[in-house]
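Okay, structure first, notes after.
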Amino acid sequence: MNRAQTLALGLIVALVVGASITGSPSLVLMIVPVLLLALIWTLRGSGRPMPETGWSTVGVAEDPVVRNGSRGNGGALATAGALGRVEGGLLFWSPWFAIGIGFSALIVLMFAVLFPGENNQAWAELVQMSPWFVHPLVGMVVVASHRAVTRSVRDGTEEVFGVCPTRPDTRTIGHLVAAWVPLVVAAVFLATFAAALLVRAPGLHGGLTADNVGDVVGALLLCLGGAALGVALGRWIRFGLVPIVAVVGVAFLSTGISGIGGHGWNPFVQLSTAPTIEAPSPVFADRPVTAHALWIAALTGIVAVVAVLRHRRDRLLLMVGGGAVALALVAGIGATSEMPAASAARIADLVSRPEAHQDCADLTGRVEVCVFPLHAEYLDRVVADASPVAAALPAEVGRVTIRQVYGRSTEQLPPEVRRRLILPLDDRPREIPLKEFDELGTFTGVRRDLAQFAVGLPTAPDDALMPMVAAGQARGVVALWLSVRGLERADQLRRTTVPNPDATDPFEQASLDGVGQCSVPSVVWSAQDLAAVRAMIDLDEEVVAAALESGWERWIDPTTGTDELLEAVGLPPAGPYDIIQPRPGEGC
Amino acid sequence: MTRTVSLQELTKAFGATVAVAGVDLEFGSGVTGLLGPNGAGKTTLMRIVATAMAADSGRLEVLGHDPTTASGRLEVRRRLGYLPQEPGFHRNFSAFDFVDYVAILKEWGDRRLRHDEVRRVLALVGLEAVMHKKIGRLSGGMRRRVAIAQALLGSPDLLVLDEPTAGLDPEQRLRFRELLGTAAADATVLLSTHQTDDVAALCQRVVVLLGGRVAFAGAPADLAQHADGRVWIAPTRDTRAELAWVTGDGRVRHIGVPPSGAELVPPTVEDGYLLLAGQAAKPAMAEPS
């Protein structure tokens, strides 16, 4: 297999897996040309053995460049370095590593090319996920490194290599040195991903934090750890399936560590190779990223020592191993300890009194939007989008604040923060909690939340994740009409049409947020209500606004029917209305 | 002859099978050929000399060092070139990459020097034009030459070559002889082969190994001389001969005790070896070739 074939294979496997996971037809379509290209390359590269060539020693220099010793060698370290360079190149062109590169390319493709609009969080939050992004690459590094270490046994070259003066432990170190390649590739991948997002994802906002340096370092260290794990496994267990089993095992272990504590606070999360992000914003966390990076470094060191131990057991190695174990203990304790009291107090205050720490923007004197400074860049965009809705609200609505709040269960906060909270947190009657940025998507959330709040509809499902049914209620139609103010007509119609208009299920016909996992609507309408809204959209905005202004209290009364509203604006009735049975949403 | 390799009472067994049984042997610079039937212990002996395998008992001294110690082994390996009987290859490596990899393991740390040397040895075996082709695409003979090239790296003081001409065509065998005569002129070469004409052409000394023991050690001419007066030509097969085969001219060459009046011919190394190997070689060699 030549290099182009290797890369093509990697991309194909990654795309097939990615397409299978995401079910994205565009990915499947992309596979076809890549597959054809790979086939052409394969057919071109396959050939019969070359014919014998002549063997002439005429004119060939007979003297060696250097005879026996004095070959410009600098001992075992120089040999390990030279091996590391060669093995690094071989690792780079390994089909297994190519699959890892393919996975990385798939991540860029998915998150920065095909669906860049999904990224609306702060950069600081996205960078926290660096360890997650490099995991597919690291998994393939484990396999590729194992294959590299066991290559001589597989191919029967061990007898030639074994009688060379380079000791097996030096060869092991050479394989470990080859980890520079995945390190560089991961760095290039993360940089490329960031650059692509910079261009393609305008929703990303805010600056980076000092912790982000630790996040990236931790992610890059994972690449070294993956290589070390592959080498260690190869040195001790040659069976080819072992690295795959190990990768799956580590994945389960990491997931298990991340899942400790269920939905509550998990003090061990930083011991995972991919710590989960529990806080809705980086401002609510003080993560021990340095301890986590040291933990990963220590584990890498331990695994590397285990690899070398196969053929060498001396004091130096034991000292290095002991140092790595000691570092792991210290880092492990650091990663699971309570955060400093000052940080805990700061976070508790952010959760308890967000208004004391936020930047706010006023929308037409009636609506105020407040976010933490890290998200200030996003504020302008929220304001720009929600202003037409705010402008359309009748004066009776009064002053409303849309505020970024912690918004999750306090059980997810560490105990040292929980102890310092000023309770209760949700006693904010004239405020709408700003949804988490990564859920904002096309800002539908803010627009609709504001409109729903104005008419007395909830902006979130109840504790049982049950939506409120507003079928046949005038206030539901009013809220939707308000939520699409200032948009182009096509966009207005799109936002008032269910994702699957052909559905026969009444609930599915009534839920603008879709139905399925991670879909937790706060309100559902009925197909007739949605049709009524679309009919009102086609009316003169002034006419509808005047009708709403004149009878606002009536329209927000839950007992006022949609047909009454339609009659007031001169439209025929839309009923009878479907009877919608509320269905609980499914959390992620 | 300066003695460079010395074996005393060397023994190696694999379970109940004794591959090398108390071998005493010394050899020095020049080419020493190792002859013997399959299973005679040649490969085991070569692997022991090449430090690829440890003997069970006995003493071994190679290039003035004791390979049973780590430091001795290291010193031997620094001056050793080894071609195993069945060298493996990384099929996705080019010939250059493979020999370069071995060169790194032979402690060629300086990249420029190493690459110059790799190019040199590949040129010696006539592969300079295809050195960047994948080994998987090379023919069997070319792969054998790649294996020979790696053994020649740095012109080692000791070359252990296990059947180096296996898979080479007649012209390539001649080239190999030429190569060994020049590239390894000052080295100690231990060469195992089934080709007695290689031994006759190349070796200053020949050792015949039978059943793990040294059956003969001396000059090739002495091995041939071993059959002096015991090789004759006759128009028909003589059943009293130990070995007999029809030659190219249709007459039958015999080895054994000649009848009176037999037409004796000068013996070759092959005759000497076959006589020594005796009945063990008879089934294979009795058929016309």
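The values are calculated or read from the model by the stated rules, or taken from the named source; none is laboratory data. Quick caveat: nothing in here was measured; it's all calculated off a predicted structure. Note that we place each Cβ from the backbone using ideal geometry, even for glycine, and neighbour counts take in every protein chain shown. All accessible areas refer to the heavy atoms of the entire protein, side chains included, with ligands and DNA or RNA removed. Shrake-Rupley method; radii C 1.70, N 1.55, O 1.52, S 1.80 Å.
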Problem - B:LEU168 crowded, with 21+ Cβ neighbours inside 10 Å, more than 10 Å from every other protein chain (Cβ to nearest Cβ), under 17 Å from B:THR193 (Cα atoms) and not aromatic (Phe, Trp, Tyr) - result: no
Practice task
Determine which single condition B:GLY126 fails, assuming it passes every other condition in (1) modelled with pLDDT of 95 or more; (2) facing chain A (nearest Cβ under 7 Å).
Solution key: (1)
Fill in the blank from the handout: Pairs returned, first residue in the stretch B:121-141 that is without any contact (Cβ under 8 Å) to a residue 12 or more places away in the chain, second residue that is open to solvent by less than 10 Å² (accessible area, probe 1.4 Å), beta-carbon separation under 8 angstrom, 6 or more apart or interchain, are B:GLU128/B:LEU122
Practice task
Quick one: which helices (runs of 4 or more DSSP H) lie wholly within the stretch A:489-588 and hold at least 2 residues that are touching a strand residue (DSSP E or B) at 6+ places or on another chain (Cβ under 7 Å)?
Solution key: A:506-510
Problem - Hits in the stretch B:161-183 (condition: more than 14 Å from the chain's Cα centre (by Cα) and touching a residue at least 40 places away in the same chain (Cβ under 8 Å)) - result: B:ARG175, B:LEU179, B:ALA183
Exercise for the section: Would you check if there is a residue in the stretch B:98-105 being closer than 24 Å to B:ARG3 by Cα, charged (D, E, K, R) and facing chain A (nearest Cβ under 10 Å)? Expected result: no
Practice task
Could you run through the stretch A:376-412 and say how many residues are over 30 Å from A:VAL478 (Cβ atoms) and in contact with a helix residue (DSSP H, G or I) (Cβ under 7 Å, 6 or more places away or on another chain)?
Solution key: 2
Handout entry: Flag if B:ARG177 is in contact with a Leu (Cβ under 7 Å, 6 or more places away or on another chain), under 28 Å from B:ALA52 (Cα atoms) and not in a strand (DSSP E or B)
Key = yes
Practice task
Only residues that are free of Cβ contacts under 8 Å to residues at least 60 places away in the same chain, among the β-branched types (Val, Ile, Thr) and facing chain A (nearest Cβ under 9 Å): list them for the stretch B:47-97, please.
Solution key: B:THR51
Handout entry: Long-range neighbours under 8 Å by Cβ, at least six apart or interchain, first residue within 12 Å of A:ARG287 (Cβ to Cβ) within the stretch A:211-224, second crowded, with 21+ Cβ neighbours inside 10 Å and among the small types (Gly, Ala, Ser)
Key = A:ASP211/A:ALA124; A:ASN212/A:ALA124; A:GLY214/A:ALA293; A:ASP215/A:SER130; A:GLY218/A:SER130; A:GLY218/A:ALA293
Exercise for the section: Mind listing whichever residues of the stretch B:201-215 are within 17 Å of B:PHE27 (Cα to Cα) and open to solvent by 30 Å² or more (accessible area, probe 1.4 Å)? Expected result: B:GLN204, B:ARG205, B:ARG213, B:VAL214, B:ALA215
Practice task
Just need a number here: residues in the stretch A:388-403 that are touching a Ser or Thr at 6+ places or on another chain (Cβ under 7 Å) and either crowded, with 18+ Cβ neighbours inside 10 Å or farther than 23 Å from A:ASP359 by Cα (or both).
Solution key: 2
Practice task
Mind listing whichever residues of the stretch A:74-89 are aliphatic (A, V, I, L, M) and more than 8 Å from chain B (Cβ to nearest Cβ)?
Solution key: A:ALA76, A:LEU77, A:ALA80
Fill in the blank from the handout: Among the residues of the stretch A:134-165, the number that are within 22 Å of A:VAL216 (Cβ to Cβ) and among the charged types (D, E, K, R) is 0
Exercise for the section: Report yes if some residue within the stretch A:178-200 is part of a helix (DSSP H, G or I), over 23 Å from the mean Cα position of the chain (by Cα), within 14 Å of chain B (Cβ to nearest Cβ) and buried (at least 24 other Cβ atoms within 10 Å of the Cβ); otherwise report no. Expected result: no
Exercise for the section: Please find, within the stretch B:225-240, the residue that is surrounded by the most Cβ atoms within 10 Å (Cβ to Cβ) out of those that are of a type in the set (A, V, I, L, M) and under 29 Å from the mean Cα position of the chain (by Cα). Expected result: B:VAL231
Fill in the blank from the handout: When every residue in the stretch B:143-156 that is within 16 Å of the chain's Cα centre (by Cα) and of a type in the set (D, E, K, R) is compared, the one least open to solvent (accessible area, probe 1.4 Å) is B:ARG145
Completion exercise
Going through the stretch A:372-385 in order, the residues found to be part of a helix (DSSP H, G or I) and either modelled with pLDDT of 85 or more or at positive phi (or both) are A:PRO373, A:LEU374, A:HIS375, A:ALA376
Exercise for the section: May I ask you to verify whether A:PHE115 is surrounded by fewer than 22 Cβ atoms within 10 Å (Cβ to Cβ) and either within 14 Å of another protein chain (Cβ to nearest Cβ) or of a type in the set (Lys, Arg) (or both)? Expected result: no
Handout entry: Of all residues in the stretch A:125-164 being of a type in the set (S, T, N, Q) and in a loop (DSSP other than H, G, I, E, B), the one that is nearest to the other protein chains (Cβ to nearest Cβ)
Key = A:THR157
Exercise for the section: Determine, yes or no, whether B:THR193 is away from every other protein chain (no Cβ under 11 Å), buried (at least 24 other Cβ atoms within 10 Å of the Cβ) and within 25 Å of A:VAL163 (Cα to Cα). Expected result: no
Problem - Filtered residues of the stretch B:1-20 (kept if assigned to a strand (DSSP E or B) and out of contact with any Leu (no Cβ under 9 Å at 6 or more places or on another chain)) - result: B:ARG3, B:GLU9, B:THR11, B:ALA13, B:PHE14, B:THR17, B:VAL18
